[in-house]
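The values are calculated or read from the model by the stated rules, or taken from the named source; none is laboratory data. Just so we're clear, the structure is a prediction, and the values are computed from it rather than from any experiment. Methodologically, a virtual Cβ is constructed for each residue, glycine included, from the backbone with ideal geometry; neighbour enumeration extends over all protein chains shown. Only protein heavy atoms, including side chains, enter the accessible area calculation; ligands, DNA and RNA are left aside. Shrake-Rupley method; radii C 1.70, N 1.55, O 1.52, S 1.80 Å.
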Amino acid sequence: MSRISKAALLAFAVATLAGSCLHFVYALFPNGLTAVLAPVNESIWEHLKILVWPCVLGAVPLLRREPDGLGARAFSLLLAAGLMLAAGWLYHGALDGRALLFDVVLYVLCMGVCFLLPAFLRGSFWQEKARLWCGLVLALMVLMVVFTWLPPDAALFHELPKTD
């Protein structure tokens, strides 16, 4: 069983705090750049920004230490994003949940998946598929930018009601 490095724990903590702060950046500084980097509304999709951008930036120093971890890190980010979208839609959409605590716990859990899961994804499979996982992460990032300006009319992109 692999151990989680101190660097990964530190990156997890810093990225989680940075993403939490990122949540409020567009409201404080509304412009094109902050619209791409921070949520512009309270939709499930827009909240991917507080997960994806800190995870991508936080992975850079970790990959310098472990360059063979690229595939595992990219896969973990995709898994975390999928978990955030699916659980967010299920809780807020299908179950009409409104508890802020759920959102906070889900966010921290997804950040944990992003930063801590790669320690357990060892082996050549993850590195062999690194180009696929990285391509999918890049596609997700492009979609996040495009959907900032042209969001589809779908449940994931609709603003959520206020939380309790």
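Listing for the model above:
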| read-out | value |
| --- | --- |
| Some residue of the range 71-84 being buried (at least 17 other Cβ atoms within 10 Å of the Cβ), within 20 Å of LYS6 (Cβ to Cβ) and not polar (S, T, N, Q) | yes |
| Per-region count, the range 104-130, residues open to solvent by 50 Å² or more (accessible area, probe 1.4 Å), in a helix (DSSP H, G or I) and touching a residue at least 60 places away in the same chain (Cβ under 8 Å) | 2 |
| Residue check for PHE147: under 19 Å from GLY69 (Cβ atoms), among the hydrophobic types (A, V, I, L, M, F, W, C), outside any loop (DSSP other than H, G, I, E, B) and open to solvent by less than 80 Å² (accessible area, probe 1.4 Å) | no |
| Flag for VAL40 being surrounded by fewer than 22 Cβ atoms within 10 Å (Cβ to Cβ), touching a helix residue (DSSP H, G or I) at 6+ places or on another chain (Cβ under 8 Å), among the aliphatic types (A, V, I, L, M) and assigned to a loop (DSSP other than H, G, I, E, B) | yes |
| Given (1) modelled with pLDDT of 95 or more; (2) touching a Gly at 6+ places or on another chain (Cβ under 7 Å), index of the condition ALA80 fails | (2) |
| Those residues of the range 85-102 which are open to solvent by 50 Å² or more (accessible area, probe 1.4 Å) and either touching a Pro at 6+ places or on another chain (Cβ under 6 Å) or on the phi < 0 side of the Ramachandran plot (or both), in sequence order | ALA86, TRP89, LEU90, ALA94, LEU95, ARG98, LEU100, LEU101, PHE102 |
